[in-house]
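Asks: For reference, the structure I am asking about is given below.
What follows is calculated from the coordinates using simple rules that are stated; it is not laboratory data. Worth saying up front: this structure is predicted, and the values here are computed from it rather than measured. Note that we place each Cβ from the backbone using ideal geometry, even for glycine, and neighbour counts take in every protein chain shown.
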Amino acid sequence: MEDLIKRRIKQLKKGDQDAFADIVDFYKDKIYQLCYRMVGNAHEAEDISQEAFIRAYVNIHSYDLKRKFSTWLYRIATNLCIDRIRKKKPDYYLDAEVAGTEGLNMYSQVAADVVLPEDEIETLELQGEIQQQILKLPDKYRSVIVLKYIDELSLKEISEILELPINTVKTRIHRGREALRKQLRHV
Amino acid sequence: MKKCPDSIVTDIHNYLDGDLEEEKEKLLKSHLQECTGCYQHFHELEKAIALVQSTSHVTLSEDFTNKVMAALPKEKKTISVNR
């Protein structure tokens, strides 16, 4: 798959716009997952994901084929999420709380007239609660925690994506994990 | 109760990152077996990680790729004419 992506990027660099569709298809779920966990709102996450791909397309000439494409793409998406969080009005956090479980898999599969079994409701509530706690983290901790535990990236990759020294990434993971420990202790 | 040194918590985090030397790992493990407070701390961290990892995956609308492709700037289109 990596080879196919490399080929598509080369085609794209030569100006073949259609080659970009396979690249979007391959990375869209990962990028969306990252954005959703960062901003906590399904609609907004989709919006940011789209913007990330458009930026990647427009700036493809600055991408160095020797580097890992996913790292470059993740960096674009993470920066867009952080920009968006910082530009938010303070009432955003209230807004995000309402939207906590929006867009979750199980929600979207449930038809309006189907009654959920008790344990599924509990699972949904728990997942909403966890998402809330992730959103409460300051963005510098949230980004490392999401990249490490939801996107399952290595410390080295995270340090490349965020352009931070690996020791800073470690410290942030430690602090983010401590914050989550306190927040999730009684869940 | 005697307070454990802060370095224990640092060791726990390094251990969770797979980043603790073998020697220190042995010491940490034997400490965790003896010290309820530190074991509790370790256990709560593991629980927090498990909860974060358990969040279900969100799904994107099906026509996402088409929407992105439609939203791309059009200046490169001359290439397809040349093909």
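Asks: At a temperature of 10 °C and a viscosity of 1.306 mPa s, determine how fast chain B diffuses translationally according to Stokes-Einstein, using the Kirkwood radius over alpha-carbon pairs as Rh; express D in µm²/s, rounded to the nearest whole number.
Replies: It comes out at roughly 91 µm²/s.
Asks: Using Cα pairs under 8 angstrom and six or more residues apart, how large is the relative contact order of chain A, in percent?
Replies: 23
Asks: Looking only at Cβ-Cβ distances, which cysteines of chain B have no other cysteine closer than 4.7 Å?
Replies: B:4
Asks: For peptide A:128-137, how many partner chain Cβ atoms fall within 10 Å of a residue's Cβ, on average?
Replies: Taking all residues of A:128-137 together, the mean is 2.
Asks: A further question on this structure: So what's the Cα pair-distance distribution over segment A:112-186, bin width 10 Å, in %?
Replies: Pair shares across the bins are 18, 41, 22, 13, 5, 0.
Asks: Taking each pair of different alpha-carbon atoms in the protein assembly as shown once, compute 1/r for the pair, average those values, and report the inverse of that mean as the Kirkwood hydrodynamic radius in Å to one decimal.
Replies: Radius from the Kirkwood sum: 20.6 Å.
Asks: Could you tell me the center-to-center distance, by alpha carbons, between segment A:118-187 and segment A:38-66 in angstrom?
Replies: Segment A:118-187 and segment A:38-66 have Cα centres spaced 21 Å from each other.
Asks: Hydropathy at least 1.6 by Kyte-Doolittle, axial extent at least 30 angstrom from the Cα trace: which helices of chain A, defined as entire DSSP H runs, fit?
Replies: Within chain A not a single helix satisfies the rule.
Asks: Oh, and also: Top mean-square fluctuation among A:24, A:39, A:58, Gaussian network model of chain A, C-alpha springs under 10 Å?
Replies: With Cα springs under 10 Å in chain A, the top fluctuation among A:24, A:39, A:58 is at A:58.
Asks: Need one value for A:38-48: mean number of C-beta atoms belonging to other chains within 10 Å of its residues' C-beta atoms.
Replies: The shielding value for this peptide is 1.
Asks: Let me see the pair-distance distribution of segment A:1-91: every alpha carbon pair, 10 Å bin width, integer percents in order.
Replies: It works out to 16, 50, 26, 7, 1, in whole percents.
Asks: Another one. Please compute the contact order of segment A:112-186 in relative form: average sequence separation of alpha-carbon pairs under 8 Å and at least six residues apart, divided by the residue count, as a percent.
Replies: It rounds to 33 percent for segment A:112-186.
Asks: Going by amide H atoms built from the backbone, whose H comes under 5 Å of the H on residue B:72, apart from near neighbours?
Replies: Under 5 Å from the amide H of residue B:72 lies no amide H from a residue far enough along the sequence or on another chain.
Asks: Tell me which of B:13, A:49, A:69 sits at the most positive position along the dipole axis of the protein assembly as shown, charges placed on C-beta atoms (Lys, Arg +1; Asp, Glu -1).
Replies: A:69
Asks: Taking beta carbons within 10 Å but only from partner chains, what does the mean come to for residues A:17-24?
Replies: Whole-number average of other-chain Cβ neighbours for A:17-24 is 4.
Asks: I'd like the FRET efficiency for residue B:25 and residue A:1, computed as 1/(1 + (r/R0)^6) with the beta carbon distance as r and R0 of 35 Å, rounded to 0.05.
Replies: 0.45
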